[in-house]
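The block underneath contains the structure these notes are about, expressed in structure tokens.
The values are calculated or read from the model by the stated rules, or taken from the named source; none is laboratory data. Just so it is clear, the model here is predicted, and its values are computed rather than measured. Glycine gets a Cβ as well: all are built from the backbone with ideal geometry, and neighbour counts include every protein chain shown. Keep in mind that these areas ignore ligands, DNA and RNA; they rest on the heavy atoms of the full protein, side chains included. Shrake-Rupley method; radii C 1.70, N 1.55, O 1.52, S 1.80 Å.
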Amino acid sequence: MALLWMGVPAIAQTENTQQTETFGERFSRLAKKTVKEMEKAGHSLGDAIGFDDRVNPVEDDGDSVRIGGTYYMPLYTTNLYKGSDARIYTDECRKRFKERFPEAEIKSVTLPQTQWVSSTLKRGNKVVSYTQTMYCYVLAKDGDDGYINARFSFTRSKQPGSVYKREANGWPRWEKTDVIPMADYQQMSK
């Protein structure tokens, strides 16, 4: 009985230290989370339909460079891919870039990987398909104002036992474009 009597104040103390969230606080937290998820969905939809000119990206892409609160793709100028088909990919990216930015002076068209990036799609323990991706970056000078950095991807996939085929969503797919002011470019190229 004495132990029970001593335990009651301890229980009361733990209950008093717990904070309850008001309806307004819960609503605010839920609204912020919903807005963030909708922004992500909007950016994904924009990427899927080719609207890739985000001025202020919501989040870092992982390999991005941050200058003054803005994230940019890295600047690649060394071509690492030595395959016999390299020229086909760089020429296609150069052509697509020039169609969109005819006045920009292309400085480099780069395949910054040594081989195709491969991934395997599985359902449970069963392999469903294989996918390979080659990335291509075009860096161009935009007059005296700055630079334009664009990323393209070539994607091909295959079912087990068959040959690789191009993905239908663009060959190459224009993934992203960064317009880099001169001051930011100078910091990035140091």
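General remarks:
- The 1.4 Å probe gives accessible areas that order 154, 23, 101, largest first, as 23, 101, 154.
- Qualifying trypsin sites (Lys or Arg not before Pro) for segment 58-157 [loop in DSSP, other Cβ within 10 Å: at most 13]: 82
- Potential lengthening of the chain between residue 117 and residue 187 amounts to 22.3 nm, from the contour at 0.36 nm per residue minus the alpha-carbon distance.
- Charge sum, other residues only, whose C-beta stays under 10 Å from residue 157's C-beta, Lys/Arg counted +1 and Asp/Glu -1: +3
- Set 98/141; 95/190; 107/190; 98/176; 126/165; 82/141 screened for pairs whose C-alpha atoms are more than 19 Å apart: 95/190; 126/165; 82/141
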